[in-house]
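The values are calculated or read from the model by the stated rules, or taken from the named source; none is laboratory data. Everything numeric here is computed off the predicted structure, so don't read it as measured data. Ideal geometry is used to build each Cβ from the backbone, glycine not excepted, and the neighbour counts take in all protein chains shown.
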Amino acid sequence: MKSLLNTHVLALFFLSIICVPAVSHSNPEYAQQTGFECKVCHVDATGGKLTKNGEAFREDLKAKGIYRPLSTIQKVVRLIVGYVHLLMAIAWFGTILYVHILLKPAYAAKGLPKGELILGWLGIVILSITGTLLTVSRIPAWKIFYATRFGILLSVKIFLFAIMVATAFIVTFVIGPKIRKQRTSIPTQPKARMTFDDLPHFDGTENRPAYFAYKGKVYDVCLSKVWKGGTHFKKHQAGNDLTDLLKTAPHGEEKIWTMPEIAELTPVETKPEKPPYEKVFYFMAYMNLIFVFLITLVIALWRWW
């Protein structure tokens, strides 16, 4: 374990050294700092050879210690790191959108899906590492974070990401155990009539029966090969009403009719008060959804504003 940790530390150090800049390339951020158009500093407006004004500005940057360009090898490495960063951001954001928009936060509030948790934390770790390397390659001095448009937008993006990581920690290690404790304390014996509040306790995890509801009926999928562990192809968790989700399924309701019907689903006359930790979970869930759109807006401002 220790040798594996040392290997990861050395690999991270090696990538950090490679990503540190060392040869010049055209950067529109310089134009944003001065307010001049690119053609003022470059003979060709797309970059390349410098004019006398460009050479003077470059010397000024060197004197201030903020001239940190990239070599060809470093550009290739940064491209690879940036590509991994982008792929993981898509996967991470996609998971958040899938859970919050298609499945709804109530789905996760009944028990944090293990697959989404693993993907979420994997995304956080990889995004943190690749984001740090990309920042090192683009930010030569601390003042860039507050003195340039690029740096300010990057600071906002890092701040939002840090809040999302903090909420992920709270949900995983504080709220998650409370949800599991509440669920294991409730008996899971089937009844002829079940309510929406009864259903989540039959999710097929931790040796509990696996049931789901469809159009007011409750079906038993304990013996189904496609519902191992209470999960249907790692997408749908037992213990939920899947009436609306069937619209996105590749099969029709005839597959559901082959499952044993064990109970009727009846509405709850009085809706119980949600515990405080569940309210906090809903707040963080929707806050993170908003942050996804805000971070995407920051990226859009970088590229197209």
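In table form, for the structure just shown:
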| quantity | calculated |
| --- | --- |
| Enumerated strands (runs of 3 or more DSSP E) restricted to the stretch 192-237, each holding at least 1 residues that are closer than 24 Å to residue 95 by Cα | 211-214 |
| Filter result for residue 165 (more than 26 Å from residue 286 (Cα to Cα) and either in contact with a strand residue (DSSP E or B) (Cβ under 7 Å, 6 or more places away or on another chain) or at pLDDT 90 or above (or both)) | no |
| Residue list for the stretch 216-238, restricted to those being exposed (fewer than 13 other Cβ atoms within 10 Å of the Cβ) and in contact with a Gly (Cβ under 8 Å, 6 or more places away or on another chain) | 234 |
| Yes/no for residue 136 being among the aliphatic types (A, V, I, L, M), buried (at least 16 other Cβ atoms within 10 Å of the Cβ) and more than 28 Å from residue 285 (Cα to Cα) | yes |
| Test result for residue 141, at pLDDT below 80, surrounded by fewer than 16 Cβ atoms within 10 Å (Cβ to Cβ) and under 30 Å from residue 57 (Cβ atoms) | yes |
| Hey, residue 274 without any contact (Cβ under 8 Å) to a residue 60 or more places away in the chain, surrounded by 13 or more Cβ atoms within 10 Å (Cβ to Cβ) and of a type in the set (Lys, Arg) or not | no |
| Residues of the stretch 119-159 classified as part of a loop (DSSP other than H, G, I, E, B) and either closer than 21 Å to residue 79 by Cβ or in contact with a strand residue (DSSP E or B) (Cβ under 6 Å, 6 or more places away or on another chain) (or both), total | 2 |
| Test set (1) in contact with an Asp or Glu (Cβ under 7 Å, 6 or more places away or on another chain); (2) in a loop (DSSP other than H, G, I, E, B); (3) at pLDDT 85 or above - residue 262 fails condition number | (2) |
| The stretch 229-250, residues that are more than 26 Å from the chain's Cα centre (by Cα) and free of Cβ contacts under 8 Å to residues at least 24 places away in the same chain | 250 |
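Yes/no per residue for (1) closer than 18 Å to residue 214 by Cβ; (2) small (Gly, Ala, Ser); (3) within 20 Å of the chain's Cα centre (by Cα):
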{"site": "259", "(1), (2), (3)": "yes, no, no"}
{"site": "264", "(1), (2), (3)": "yes, no, no"}
{"site": "267", "(1), (2), (3)": "yes, no, no"}
{"site": "273", "(1), (2), (3)": "no, no, no"}
{"site": "276", "(1), (2), (3)": "no, no, no"}
{"site": "282", "(1), (2), (3)": "no, no, yes"}
{"site": "285", "(1), (2), (3)": "no, yes, yes"}
{"site": "292", "(1), (2), (3)": "no, no, yes"}
{"site": "296", "(1), (2), (3)": "no, no, yes"}
